[in-house]
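The values are calculated or read from the model by the stated rules, or taken from the named source; none is laboratory data. It should be emphasised that the depicted structure is a prediction, and the values quoted were computed from it without experimental measurement. Ideal geometry is used to build each Cβ from the backbone, glycine not excepted, and the neighbour counts take in all protein chains shown. Accessible surface areas use protein heavy atoms only, side chains included; no ligands, DNA or RNA. Shrake-Rupley method; radii C 1.70, N 1.55, O 1.52, S 1.80 Å.
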Amino acid sequence: MTNPILFRPQRGGLAEAMAEVRTIADRADLVAHLAATLGRCGVEVTDSMVKVEPYHGFDERIGWDTYIVTVDGWGPAGFTNGPL
């Protein structure tokens, strides 16, 4: 069984971000979530704008193999616990 992909938004601190963790079904679900979230700020998000890349390896604090999620023109949007 594959572990679920988790997404935490970029926040001021880890505890604050972890309080907002959500399960992501797949890349399309992540893009839809980012489009809905950033859309409130007037940012239009498309699949080609979203990048998910390795970020400093394993985070022992939370047990994540951390990947950073960025949106072109916006910057870091959050982090996942694995690749998409």
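General observations
- Residues of region 5-80: accessible area per residue with a 1.4 Å probe, Å²: 56 Å²
- Placing +1 on each Lys and Arg Cβ and -1 on each Asp and Glu Cβ, with no other charges, gives the chain a dipole about its Cα centre of roughly 160 debye.
- With both labels modelled 7 Å from their Cα along Cα-to-Cβ, the Arg22 to Ile68 distance reads 2.3 nm.
- Rounded tilt (10° steps) of 27-39 against the dominant C-alpha axis of the chain: 60 degrees
- Overall form of region 1-53 per C-alpha gyration tensor (a/c, 1.5; a/b vs b/c): oblate
- Under the criterion of Cα pairs below 8 Å and six or more residues apart, the relative contact order for region 5-80 equals 29 percent.
- Inter-label distance for Asn3 and Ala15, nm, one decimal - labels placed 7 Å from Cα along Cα-to-Cβ: 2.3 nm
- Packing, taken as the mean count of other beta carbons within 10 Å per residue, orders the peptides 38-44, 8-14 from highest to lowest as 8-14, 38-44.
- Cβ crowding within 10 Å averaged over residues, with 59-69, 74-84 ranked highest first: 74-84, 59-69
- Carbon/sulfur fraction of accessible area - region 5-80, other protein chains in place, 1.4 Å, %: 53 percent
- Helical runs assigned H by DSSP (4 residues or longer) give the chain a calculated mean residue ellipticity at 222 nm of -6000 deg cm²/dmol, each run adding -39500 (n - 2.57) before division by the residue total.
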